[in-house]
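The values are calculated or read from the model by the stated rules, or taken from the named source; none is laboratory data. These figures come from a predicted structure and were not determined experimentally. Counting neighbours? That spans all protein chains shown, and the Cβs are built from the backbone with ideal geometry, glycine included. Accessible surface areas use protein heavy atoms only, side chains included; no ligands, DNA or RNA. Shrake-Rupley method; radii C 1.70, N 1.55, O 1.52, S 1.80 Å.
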Amino acid sequence: MEPELDVWVHPDLRAAAAAEDWPTLLKRWRKATRSSQSRLGALVGLAQPDVSAIENRRRAVTSVEVRQRIVDGLRIPAELLGGTGAETPLPSLALPGGLVADPETERLEQITASGMRLDAASLAALERLLAEHRRAEDTLGSRVMNAVVTKQFEAVAGLYEQARGPLADRLVKVMAEYAQFLAWMAQDQDNAALALAWFDRSYDWALESGYGDMAATTMSMKAHLAWSQGRARRAIRLGEAAASTEGASDGTRAMAVQMAGRGHALDGDRDSAYRRLDEAQLIIAHAVGVPPWLYFYDEPWFAAQRGMADLHLRDWPNAIRNLTDGLAGFAAGFRRDRAWYGACLAHAYAGAGEPEAALTTATGILTDASEVGRPHAWGELHKVGGLLLRQGAPEGRALVDMLAELD
């Protein structure tokens with residue numbers, strides 16, 4: 001029988017969620033959906049033995065990371081969790097047209113009244129600072145950088161009332177870039193609602209200032225968000241729309257076309273996926289216009305992204321080759337990306353039936369995945385551990401134990 005579609009109507013499940021009684025919740029969810037521990041584990045990024053240990057109270061859920069994976073994987077309604085997530089924070093900005101979702105309005109008004117002057121030199125300094133923040137986030141991760149960038153954005157927003165003439169367009173362009181970066185960091189922390197809110201702000205400001213390249217980038221990154229949520233059709237449509245946006249640079253078009261290709265791969269359409277990926281590779285190879293926020297986007301990054309499409313299509317040899325080639329071209333400072341693509345490479349090795357290589361690869365990026373790669377790289381490593389365990393490989397138990405020590 002098929003699992004019941006809405007299990008959260010059950011009073012006993014709702015009560016377990018409200019109490020955050022995870023052992024009871026897991027058991028009752030499995031009973032309601034007629035699911036195995038392995039299936040539940042696949043949804044929440046835990047190996048079957050770890051699900052069993054939680055259900056039998058041999059392991060407590062003390063990590064915020066594990067808790068969030070359970071909440072997201074089982075789609076527990078936010079209202080059942082003591083209000084957690086019931087009020088989604090949205091970006092706030094005081095503009096002449098009125099206030100939008102304004103929990104931060106008072107701070108913004110204070111900054112506006114602080115006397116910071118808007119001129120070309122100030123804008124140039126803010127642009128340089130944003131570029132430094134982007135590169136710092138590669139190494140430190142979004143959890144560290146988010147508060148710093150948010151504060152800087154507030155200073156930028158506080159200059160809006162002073163904006164006139166050409167400086168106004170330039171300021172709005174800078175605001176669009178900050179909003180895009182904040183959206184990326186929200187997405188990196190798996191906060192889709194906040195990411196979409198910032199993406200919408202960035203897109204609006206890009207259009208207002210005639211910034212076609214940023215408008216295309218924002219749409220392409222929405223495609224990436226859809227891809228990460230398993231929404232193939234939306235990823236394809238948004239990627240195609242971004243690629244055809246007027247004013248998009250070669251680098252941005254390449255990113256958008258490969259995003260559409262990854263959407264086709266997610267959908268299982270091998271021919272369409274590789275056709276679009278081949279097109280994107282040709283564009284990136286001859287790109288002459290790359291915007292500052294795509295400073296990292298070159299052939300090694302494209303190879304790694306192509307490897308992710310190979311993963312969807314279960315083409316393990318090509319996934320291993322492309323991910324290995326891509327990682328070889330990454331600078332050591334790109335810790336978050338090395339963690340993510342390294343976790344994907346470990347997945348490819350596991351899929352290819354090479355458990356020793358999978359464990360070696362996973363071990364090599366374990367520290368980065370824990371420190372700057374949560375939740376995505378960390379969750380991917382849990383999937384690798386579960387896959388190896390299902391294959392009966394002892395390396396699976398070794399990896400799961402390593403992860404459990406840091407969970």
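The 3J(HN,Hα) values that the Karplus relation (6.51, -1.76, 1.60; θ = phi - 60°) gives for the stretch 158-169 are, in residue order, x, 8, 4, 5, 8, 6, 9, x, x, 5, 5, 4 Hz. Gly and Pro appear as x. Relative intensity of the chain on a log10 scale, I(q)/I(0) at q = 0.08, 0.09, 0.15 Å⁻¹, equals -0.47, -0.60, -1.43, per a Debye sum over C-alpha point scatterers of equal strength in the absence of solvent.
Leaving ligands, DNA and RNA out of it, report the carbon-plus-sulfur percent of the accessible area of the stretch 350-391 at a 1.4 Å probe. Could the numbers behind the result be given before it?
Working: 760 of 1560 Å².
That share works out to 48 percent.
For the chain, the residue among THR62, ALA332, PRO375 whose Cα projects farthest onto the positive side of the dipole built from Cβ charges is THR62. The packing ranking, built from the mean of other Cβ atoms within 10 Å per residue, places the peptides 249-255, 13-19 in the order 249-255, 13-19, highest first.
Need one number: convex hull volume per residue for the stretch 123-169, Cα atoms only, in Å³.
Numbers: hull volume 3.0 nm³, N = 47.
In the stretch 123-169, the Cα hull volume divided by residue count equals 64 Å³.
Loop-located GluC sites (Glu not before Pro) in the stretch 191-267 (DSSP state not H, G, I, E or B) with no more than 11 neighbouring Cβ atoms inside 10 Å: GLU246. When the charge dipole of the chain is built from unit charges on Cβ atoms (+1 for Lys and Arg, -1 for Asp and Glu) and taken about the Cα centre, the candidate among ASN191, SER220, ALA350 whose Cα reaches farthest toward its positive end is ALA350. Compactness check for the stretch 301-346: Cα Rg over 2.2 N^0.38 Å is 1.01.
Between the helical axis of 142-157 and the longest alpha-carbon principal axis of the chain there is an angle of about 20 degrees. Normalised per residue, the accessible area of the chain is 44 Å², obtained with a 1.4 Å probe and no contribution from ligands, DNA or RNA. For the chain, the longest principal axis of the C-alpha atoms and the axis of helix 394-406 are separated by about 50°. In this Cβ point-charge picture (+1 for Lys and Arg, -1 for Asp and Glu), the chain has a dipole of about 880 debye about its Cα centre. Among the listed pairs LYS151/LYS222; LYS151/LYS173; LYS31/LYS383; LYS27/LYS383, none has a Cα-Cα separation exceeding 29 Å. Rounded to the nearest 20, the Cβ-based charge dipole of the stretch 153-271 about its Cα centre (Lys and Arg +1, Asp and Glu -1) stands at 200 debye.
Taken one residue at a time, the phi angles of the stretch 244-250 give Karplus couplings (6.51, -1.76, 1.60, θ = phi - 60°) of 9, 5, 5, x, 5, 6, 4 Hz. Gly and Pro are set to x. Over all pairs of different C-alpha atoms in the stretch 188-252, the reciprocal of the mean inverse distance, the Kirkwood hydrodynamic radius, equals 11.8 Å. Peptides 324-330, 37-43, 197-203, ordered by how many other C-beta atoms sit within 10 Å of their residues on average, highest first, read 197-203, 37-43, 324-330.
Rounded to the nearest 500, what is the chain's calculated 222 nm mean residue ellipticity when only DSSP H runs of at least 4 contribute -39500 (n - 2.57) each, over all residues?
Details: 21 runs with 283 residues, N = 407.
Value at 222 nm, helices only, nearest 500: -22000 deg cm²/dmol.
Here is the size of the stretch 171-217 from its Cα atoms: Rg then Dmax, 9.9, 30 Å.
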